[in-house]
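Reviewing the structure listed below.
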């Protein structure tokens, strides 16, 4: 039953994501702004008073990325070089820590952890992509345009639990929350040792969101790519 639950969940979410038609990129409300298919936030030609980080008003400088860009991001986050390296590295750390201990510290245990990480990430990214397309929201992380350190820190910390709608308004990040918690709960129930249950999945999902926030800080202040 657990394996069936896993298969049905992945298939359902994937179907939702790819069934959506591409959304036409909305025309910017400011005539002098430049279109950007990556969905970046463009600087305005004149100085403006920055809105509050938690302001939910639509952003005139946000342009929703096109369908091709959204699909590319999904592929890179699932099987791209960085994604693969991250799954292998975290599997190595877990093997060194022998977590879970039932899998052991030898190559077999390392292989099981790598496979587990890839499985969790595939569920997470497929869920995020599917819900983003279904709800017409954007869970991608965007660096703050403010020069204030406080605003940039706040942006990095709140991004894992928020998203942008098609107009740039910050909304609850349903896609990321469901993908993060769902993937960890399914993993604990489907293929982890029997002593694990959904509560361990919730705990692991919360930790994962914390790591995402920390990585966002790195991207906000250090890694400008």
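Values in this text are rule-based calculations from the coordinates and carry no lab data. These numbers come from a predicted model, not from an experiment. Positions of Cβ are backbone-derived with ideal geometry, glycine not excepted, and every protein chain shown enters the neighbour counts.
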Exercise for the section: Give the residue that is nearest to residue 188 (Cα to Cα), with candidates limited to residues of region 143-164 that are in contact with a helix residue (DSSP H, G or I) (Cβ under 8 Å, 6 or more places away or on another chain) and not in a helix (DSSP H, G or I). Expected result: 163
Exercise for the section: State whether the residues of region 170-187 include one that is without any contact (Cβ under 8 Å) to a residue 40 or more places away in the chain and touching a strand residue (DSSP E or B) at 6+ places or on another chain (Cβ under 9 Å). Expected result: yes
Practice task
Report whether or not residue 139 is over 19 Å from residue 70 (Cα atoms) and touching a helix residue (DSSP H, G or I) at 6+ places or on another chain (Cβ under 7 Å).
Solution key: no
Problem - Top-ranked residue of region 163-180 - restricted to ones that are surrounded by fewer than 21 Cβ atoms within 10 Å (Cβ to Cβ) and closer than 16 Å to residue 209 by Cβ, ranked as farthest from the chain's Cα centre (by Cα) - result: 172
Handout entry: Odd one out for residue 148 among (1) in contact (Cβ under 8 Å) with a residue 40 or more places away in the chain; (2) closer than 26 Å to residue 69 by Cβ
Key = (2)
Practice task
Return yes when residue 134 is within 21 Å of the chain's Cα centre (by Cα), without any contact (Cβ under 8 Å) to a residue 60 or more places away in the chain, assigned to a helix (DSSP H, G or I) and surrounded by fewer than 17 Cβ atoms within 10 Å (Cβ to Cβ) and no when it is not.
Solution key: no
